[in-house]
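The values are calculated or read from the model by the stated rules, or taken from the named source; none is laboratory data. Quick caveat: nothing in here was measured; it's all calculated off a predicted structure. Note: ideal-geometry Cβ built from the backbone for every residue, glycine included; neighbour counts use all protein chains shown.
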Amino acid sequence: MQEFIQAAQSMLIFANHFNSNVFHLICLMEKDRVFLCRALEIAVQGVNEGGGPFGALIAKDGRIIAESWNNVVLSADPTAHAEINAIRKACEILGTHDLADCILYSSCEPCPMCLGAVYWAGIKKVVYAFDRKEAEKAGFSDKFIYDEIMLEPSSRHVRFLHIPGCCNGPDPFRKWNENENKIPY
């Protein structure tokens with residue numbers, strides 16, 4: 001955070017020479033860089049702790065709400081990606097599933113699962129340092145999953161079996177639609 005304060009103070013010198021909108025944009029970009037550097041620090045910390053090389057944080061109103069690294073192997077949980085962990089923590093801290101006013105900073109472009117979580121959480125901005133091609137060079141390839149998503153379920157490598165109307169059981173979607181106290185998401 002000290003880096004951000006020093007950068008902001010030096011930028012104030014230039015404020016008189018620039019349009020205030022340009023200055024505001026420069027300040028926002030600098031804050032993005034500071035938070036992104038923190039996400040990279042978290043990723044390295046995760047590697048040092050035996051986790052994967054991914055770090056993420058959620059920020060709101062210019063302050064960090066939650067941060068985490070990838071601990072898939074350590075927790076024996078394939079969903080324990082840095083972004084998912086940070087989203088879960090931020091939701092718990094803020095007491096909501098809606099992170100529309102938050103920004104996700106990640107050491108790497110989110111994988112398909114984390115991308116889905118970004119959309120489900122309502123996050124409107126993601127800032128990342130490394131892209132999926134760079135992650136692939138380190139042994140983390142999502143290409144197969146991206147390719148599979150584009151296929152019809154019956155054409156995927158994982159067997160999907162759709163059994164409509166099975167069991168004549170309860171219809172959870174009808175129940176959901178009838179629920180007057182539901183909170184849409």
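Would you call Leu94 touching a residue at least 12 places away in the same chain (Cβ under 8 Å), buried (at least 17 other Cβ atoms within 10 Å of the Cβ) and more than 12 Å from Cys114 (Cβ to Cβ)?
no
Only one residue in Ala100, Ala90, Ala80 is assigned to a helix (DSSP H, G or I) and either modelled with pLDDT of 95 or more or more than 10 Å from the chain's Cα centre (by Cα) (or both), so which one is that?
Ala90
Looking at Glu3, Glu30, which one is at pLDDT below 95 and closer than 30 Å to Phe140 by Cα?
On the way: Glu3 fails: closer than 30 Å to Phe140 by Cα.
Criteria check complete, one pass: Glu30.
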_Testing Phe18 on (1) at pLDDT 95 or above; (2) aromatic (Phe, Trp, Tyr); (3) farther than 15 Å from Cys114 by Cβ, one condition comes back false. Which one is that?_
(1)
*Could you tell me whether any residue of the stretch 147-167 is hydroxyl-bearing (Ser, Thr, Tyr) and under 30 Å from Ile58 (Cβ atoms)?*
no
*Filter the stretch 135-157 for residues that are farther than 18 Å from Cys111 by Cα and exposed (fewer than 10 other Cβ atoms within 10 Å of the Cβ); which is modelled with the lowest pLDDT?*
Ser154
*Do you know which residues across the stretch 36-65 are part of a strand (DSSP E or B) and either farther than 22 Å from Lys124 by Cβ or without any contact (Cβ under 8 Å) to a residue 40 or more places away in the chain (or both)?*
Arg63, Ile64, Ile65
